[in-house]
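Below: the structure, in structure tokens.
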Amino acid sequence: MNKKLWSILGLFLVFMAVLAPVVFADGGDTAEAVVEAAKIDTGDTAFIIVSAALVMIMTPGLALFYGGMARTKNVLSTVMQSFICLGIISVQWVVIGYSLAFGPDINHLIGSLDWVGLNGVTAEPNADYAATIPQLLFMVFQAMFAIITPALISGAVAERVKFPAFVMFVLLWSTFVYDPVAHWVWGVGGWLREAGVLDFAGGTVVHIISGVSGLVFALMIGKRKGYGVEPMVPHHLPMTVLGAALLWFGWFGFNAGSALGANGVAVNAFVTTHVATAAAAVAWMIVEWMYHGKPTILGAASGAVAGLVAITPGAGFVTALSSIVIGAVGGVVCFFAVAVVKSKLGYDDSLDAFGVHGIGGTWGAIATGIFATTTVNSAGADGLLYGNAGQVVKQLMGVGTSWVFAAVMTFIIVKLIGLFMQITADEEQEVQGMDLTEHGERGYAYQDLISGSPLKFEMGENYGSTVDVKKTTLA
């Protein structure tokens, strides 16, 4: 193993040791003031447990969605970058992430360390966040959001980032980017929340910061070998469609669950999520059909994900009819970001993380300021169409803040990691593929149909595309 990786692992273990006295300290009286005013509702609790499980399945769904779009030689490394976030961030969230994001406020900027190691976080409710479910359940529901967000970034830098560097990026980015922004928008006392910025389930917190960070990361490490010259087509579109379907399925927990109870707002979020997604899939298909002459399944799947992204910040604040507009516009805008803008500017956003999540999340956040209405959710605000133009200004403030903070912090984190280890694969590693060079595995073990012996491939430099095999022999 790389000596630098051992050094970083050692620093992390020292960090854990320093935290240990706090982590295993007595829970004390942290939550006792709010417990008396809150009471667990079994229906709400059951609903959020299911919702948390739905959000969890989204990360493996994302792994399939991205994995199918990668080339054959990079399918496992692409899947791994999403899947490993389930491990890394689950631990980080329990140790420190939840406390930073939702712990008692410090100057409207960050949560305190009072809840480090879940100190004082119990199966009793915390009325500040959810008065009818255990705080421990609220914690794990939010953990699933924290897990998938850095996984989204992998789509921008797939097929060229070395795994140790990606692991360090995920850990640092989640701690210093995701956790603070989550506190600003969702944490009690967070400054964007106090300013009235609306984000029902993660337009700014999840999609904008992941998409923008993905773009900055991609620009910093440069393009893949052969990008724009040789074909880099998806190797397994059925896998991608399956991933998109799992994302659509899990997103009902993502958005409806963000109501934090089995209630009318949750139902509205469920409906708007489905309708916006459907509208975006159709809109992307139509504009692609007009622009390229044929509708594609990759386009329909990408459009669906764009719709899911666009409706996320407003799902619990807008009507079903408004969600059709939000989804349709999101599908069109994201299509042009992916099919036109990326080509003209020439950047290598491998699997269109920025084009879908960064752009879709930005549109969704602004659209929330246009279409939100208190007739759907009295805890929200009226938007432009309901007489409150100021809400658009607030949403733009949230968008601008998220863009700038994510871009600057990602630049700093990538530069810092680069001081300790190699971030980008060298040319030979890219030619061989990240599956073999980083993980020592192949996604597909081809065999001769008669003898059953493994096949040995003689690969050209296009290995991984649909026409990459020059000669096939028995190994």
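What follows is calculated from the coordinates using simple rules that are stated; it is not laboratory data. The structure presented is a predicted model; accordingly, all values stated were derived computationally and were not measured. Heads up, the Cβs are rebuilt from the backbone with ideal geometry, glycines too, and the neighbour counts pull from every protein chain shown.
General remarks:
- Helical segments meeting 27 Å axial Cα length and Kyte-Doolittle 1.6 threshold in the chain (DSSP H): 3-23, 135-157
- For the residue pairs Lys39/Lys394; Lys344/Lys415; Lys162/Lys294; Lys294/Lys342, the alpha carbons lie more than 30 Å apart in Lys39/Lys394; Lys162/Lys294.
- Ranked Phe420, Phe102, criterion: other C-beta atoms within 10 Å, fewest first: Phe420, Phe102
- For the chain, the mean residue ellipticity at 222 nm estimated from helices alone is -18500 deg cm²/dmol, where every DSSP H run of n ≥ 4 contributes -39500 (n - 2.57) and the total is divided by all residues, rounded to the nearest 500.
- Size of the stretch 46-179 from its Cα atoms: along the principal axes, largest to smallest, the extents are 49, 33, 20 Å.
- Burial ordering of Lys294, Lys415, fewest other beta-carbon atoms within 10 Å first: Lys294, Lys415
- Positive-end residue, the chain charge dipole about Cα centroid, Cβ charges, pick of Val341, Val185, Thr362: Val341
- Each Lys and Arg Cβ is given +1 and each Asp and Glu Cβ -1; about its Cα centre, the chain then shows a dipole of about 1200 debye.
- Neighbour counting of Cβ atoms within 10 Å sorts the residues Leu198, Leu246, fewest neighbours leading, into Leu246, Leu198.
- Over the C-alpha atoms of the chain, the Rg to Rh ratio, Rh being the Kirkwood estimate, stands at 0.98.
- For the chain, leaving out every one of the GluC sites (Glu not before Pro) that falls in a DSSP loop and has at most 16 other Cβ atoms within 10 Å, the longest unbroken run is 37-440.
- In the stretch 3-418, taking the dipole from charged Cβ atoms about the Cα centre, the farthest positive-side position among Leu152, Val392, Met239 is held by Met239.
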